[in-house]
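Student: Below is one structure. I have some questions about it.
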Amino acid sequence: MTVAPSPRVRAALWPFEGARVHAVIDGAVVAGLPDKLKTADCAGWDCLQRGALAPEAAQRAAYIVELLPDAAFTGWLLGEVNAGFDGWGVLTTSRQPLLAMREHSRDLAEVRTPEGRRRPWRWWDAELLDTLLPSLTPPQLDAVFAPGQQIACPGKVQWVWWQRLDGVIDRQVRELQG
């Protein structure tokens, strides 16, 4: 069943003219995601992993999707997926186009250890963000947040919104009622 986002959720995600909403969706959590994306009514989508993937890897990969406010795919994601799949991913709001947000998300998906080794990082994990964001230094926060970006971690009852306000991390919990 596809449900349109409530007016309150829509106003929070698309708060101004030109706002863009990108969902980072974990294919390891949402089964069959690549097939769903092939027919999605969205502004565009792409895999966060660079290069060609084997079919099994593509099924488990994370994808970034630019959502449209009134699209059936948006309703499916914010309704059925949000209600049925804990940890499916995050939403970002900004003025940035899909290509810029894809590259930003790809850059975040890989970190370097103190020894200089590259490691994958599932930055779209809401629990990880909740633990890590408050402890980051200002330059690290600059790396996480694209200009004017907010990160929303959807939940079944409440959403957690992250942003930088005047250089300081801001965390808001918003109830879904209404």
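Since every read-out is calculated from the coordinates, none of them should be taken as a lab result. Quantities reported herein were computed from a predicted structural model and do not represent experimental measurements. Note: ideal-geometry Cβ built from the backbone for every residue, glycine included; neighbour counts use all protein chains shown.
Student: Compare the Cα positions of Val111, Gly79, Leu136 along the charge dipole of the chain (+1 at Cβ of Lys, Arg; -1 at Cβ of Asp, Glu; about the Cα centre) and return the one farthest towards the positive end.
Tutor: Val111
Student: Using a ≥ b ≥ c from the Cα gyration tensor of the chain (square roots of the eigenvalues), is it rounded, prolate or oblate, where a/c under 1.5 gives rounded and otherwise the larger of a/b and b/c decides, a/b for prolate? Don't skip to the answer; put the middle values down first.
Tutor: On the way: a/c = 1.57, a/b = 1.09, b/c = 1.44.
Taking the square roots of the gyration eigenvalues as a ≥ b ≥ c, the chain is oblate.
Student: Multiply the residue separation of Ala52 and Asp70 by 0.36 nm, subtract the distance between their alpha-carbon atoms, and state the gained length in nm to one decimal.
Tutor: Values: separation 18, 0.36 × 18 = 6.48 nm, distance 3.16 nm.
Here the answer is 3.3 nm.
Student: Can you tell me the length gained on complete extension of the stretch Gln158 to Phe16, counting 0.36 nm per residue apart and subtracting the Cα distance? Provide the component values of the computation, followed by the final result.
Tutor: On the way: separation 142, 0.36 × 142 = 51.12 nm, distance 2.20 nm.
Roughly 48.9 nm would be gained on extension.
Student: Same structure, new question: Could you grab the relative contact order for the range 21-178? Cα pairs under 8 Å, six or more apart, rounded to a whole percent.
Tutor: Values: 245 pairs, mean separation 34.1, N = 158.
The value is 22 percent.
Student: Rounded to whole Hz and in sequence order, give me ³J(HN,Hα) for the range 14-31 from the Karplus expression 6.51 cos²θ - 1.76 cosθ + 1.60, θ = phi - 60°, writing x for Gly and Pro.
Tutor: Taking θ as phi minus 60°, the curve returns 10, x, 8, 4, x, 5, 10, 10, 10, 9, 9, 10, 8, x, 6, 9, 9, 4 Hz for the range 14-31.
Student: Between Glu103 and Arg122, what is the label-point separation in nm under the 7 Å Cα-to-beta-carbon projection?
Tutor: Between Arg122 and Glu103, the label points sit 2.8 nm apart.
Student: I've got another one for you. So for each of 25-31, 55-61 I average, over its residues, the number of other beta carbons within 10 Å; can you give me the resulting order with the highest mean first? Could the numbers behind the result be given before it?
Tutor: On the way: 25-31: 18.7, 55-61: 12.9.
Final packing ranking: 25-31, 55-61.
Student: Can you check what the net charge comes to around Gln150, using other residues whose Cβ is under 13 Å from the Cβ of Gln150 (Lys, Arg +1; Asp, Glu -1)? Walk me through the intermediate numbers first.
Tutor: Numbers: positive: Arg20, Arg95, Arg164, Arg171, Arg174; negative: Asp170.
Result for the neighbourhood of Gln150: +4.
Student: If you average the sequence gap of Cα pairs under 8 Å that are 6 or more apart and divide by the length of the range 7-84, what percent do you get for the contact order?
Tutor: Numbers: 93 pairs, mean separation 28.3, N = 78.
It rounds to 36 percent for the range 7-84.
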